[in-house]
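Trainee: I have a structure here, written as structure tokens, and I will follow up with some questions on it.
What follows is calculated from the coordinates using simple rules that are stated; it is not laboratory data. Note that this is a predicted model, so its numbers are computed, not measured. Because the Cβ atoms are built from the backbone with ideal geometry, glycine has one as well, and the counts that use them run over all protein chains shown.
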Amino acid sequence: MSKSVIYSLSIAMLASLFVFSSIGCRKKGKTIALISVRNSANEPVAGAMVRLYGQSTTNPPSGPVVRIDTAYTDSSGVATFDYTDVFQLGQAGLFVLNIEARKGLLTGAGIVKIVEETTTEERVFIQ
């Protein structure tokens with residue numbers, strides 16, 4: 001083999017090693033859901049209970065709901081859910097969850113699609 005071929009192969013091997021090592025060491029970003037709860041006057045509702053839960057898509061349901069998370073809204077009416085530890089690098093998609101919000105006799109509902117390595121925001125009105 002000529003020196004130029006050996007040199008070219010060495011460069012190609014080093015470049016591929018660099019590419020594969022940089023992909024494998026990628027740090028995963030945060031996967032957050034922010035649920036904003038508002039009343040009928042479009043004012044933020046502090047202290048509202050927000051539940052995110054999955055629902056079976058098979059008929060009949062294949063088992064109990066696996067994912068149920070609860071948080072309370074802060075003074076600006078936002079409940080924060082952190083799914084960073086649930087998401088795994090290389091995974092496509094995460095969850096589509098039902099939202100249930102309530103404070104006293106007021107209730108509201110919605111749906112949120114949790115997207116990996118993204119902050120997803122959704123608004124629910126309670127009445």
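Trainee: Compute the distance in nm between two label points, each set 7 Å from the Cα along the Cα-to-Cβ direction, one at residue 119 and one at residue 42.
Mentor: Label at residue 119, label at residue 42, 2.2 nm between them.
Trainee: Taking Rh as the Kirkwood radius computed over C-alpha pairs, what is the Stokes-Einstein D of the stretch 28-125 at 10 °C in a medium of viscosity 1.306 mPa s, expressed in µm² per second?
Mentor: Numbers: Rh = 14.0 Å.
Once the numbers are plugged in, D ends up at 113 µm²/s.
Trainee: Also, I was wondering about something else. Note down the relative contact order for the stretch 28-125 as a percent, whole number, built from C-alpha pairs under 8 angstrom at least six residues apart.
Mentor: Details: 228 pairs, mean separation 39.4, N = 98.
The normalised contact order for the stretch 28-125 reaches 40 percent.
Trainee: Note the full-extension length gain between residue 75 and residue 4 as 0.36 nm times their separation in residues minus their Cα-Cα distance, in nm to one decimal. List each step's numbers first, then the result.
Mentor: Numbers: separation 71, 0.36 × 71 = 25.56 nm, distance 6.75 nm.
Gain in length upon complete extension: 18.8 nm.
Trainee: To continue, here is another question. Each residue of the stretch 43-54 in order: what ³J(HN,Hα) in whole Hz does its phi give by Karplus 6.51 cos²θ - 1.76 cosθ + 1.60, θ = phi - 60°, with x for Gly and Pro?
Mentor: 9, x, 10, 7, x, 7, 7, 10, 10, 10, 8, x
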